[in-house]
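Colleague: After the structure tokens below, expect a handful of questions from me.
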Amino acid sequence: MKNFVWIIAAVIAVVAGVWVGSITQDQQQTADQAPAIQGAIYTQPRPLRNVHLIAPDTSEFTEQNLKGNWTLIFVGYTNCPDVCPMTLSVLAQVNKLMQEQGLAPPRVVFISIDPERDKPKMINEYVRYFDKNFTGITGDKASLDQVTRQLNVVYAKAPGVDGSMTAENYLMDHSSSLILLNPDVQVQAVLTAPHTPMKIIDSIVKTQFYYYE
């Protein structure tokens with residue numbers, strides 16, 4: 001198993017032209033000493049429960065939709081001027097690099113925290129501009145609060161760039177972290193900004209090794 005993870009790390013390093021970090025040292029750590037990533041791996045992952053959001057086809061999106069796969073969750077909104085498009089672009093690069101090397105990238109789920117303006121079909125079209133495999137979902141405020149509290153991410157409505165706030169002119173302040181769920185729909189790790197493809201891949205590989213170890 002250790003040799004397998006070493007090979008993955010070496011392949012990724014060749015693609016990017018950089019070494020992804022001290023994975024071999026992390027492998028020697030005990031089960032209660034999670035390897036270091038840009039963020040944190042939870043030694044006791046927290047289950048994500050009571051998810052009642054809206055899928056692109058307007059059907060209900062629950063935790064069962066996340067079961068059996070590794071998932072990266074990012075919260076944002078389609079009118080976001082910078083953080084959201086930049087982060088989604090990076091995640092698209094992550095998908096491309098991992099697929100080129102025969103590695104299964106985690107599913108990317110974008111949760112819009114601006115349901116007043118972002119409708120299910122619009123959100124999904126937005127995220128699929130970056131990668132056709134991304135999924136965009138949303139929900140009413142109560143449902144979003146239920147999920148974001150468990151993910152430990154925050155968001156709030158804020159005045160627009162001109163300082164005013166109307167029904168159509170406002171920004172949404174939100175966390176920039178990525179949340180990595182394991183196949184049991186548990187919060188396994190948080191990946192903090194600034195995000196780069198290689199840092200994200202390094203964090204995914206280390207977290208998955210820790211989970212399966």
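Colleague: How big is the antiparallel share of DSSP beta bridges in the range 91-178, given as a percent to the nearest 5? Provide the component values of the computation, followed by the final result.
Modeller: Numbers: 5 of 8 bridges.
Close to 60 percent.
Colleague: For the range 20-165, what is the accessible area per residue in Å² when the probe is 1.4 Å?
Modeller: Ligands and nucleic acids excluded, the result is 50 Å² per residue.
Colleague: At 7 Å along the Cα-to-beta-carbon direction for both Ser59 and Lys157, put a label point, then send me their distance in nm to one decimal.
Modeller: My value for the distance between the label points is 3.2 nm.
Colleague: Could you state the principal axis extents of the C-alpha atoms in the range 92-213, from the largest down, to the nearest angstrom?
Modeller: The Cα atoms of the range 92-213 stretch 50, 28, 25 Å along the principal axes, largest first.
Colleague: Moving to a separate point now. Just round it to a whole percent: the fraction of Cα-Cα distances in the range 54-117 exceeding 14 Å.
Modeller: Details: 1315 of 2016 pairs.
More than 14 Å apart: 65 percent of the Cα pairs in the range 54-117.
Colleague: Next question, about the same structure. Separation of the range 152-213 and the range 102-125 by C-alpha centroid, Å?
Modeller: That distance is 12 Å.
The values are calculated or read from the model by the stated rules, or taken from the named source; none is laboratory data. Quick caveat: nothing in here was measured; it's all calculated off a predicted structure. Note: ideal-geometry Cβ built from the backbone for every residue, glycine included; neighbour counts use all protein chains shown. For the accessible areas, the whole protein counts, side chains as well, though only heavy atoms, and no ligand, DNA or RNA atoms are used. Shrake-Rupley method; radii C 1.70, N 1.55, O 1.52, S 1.80 Å.
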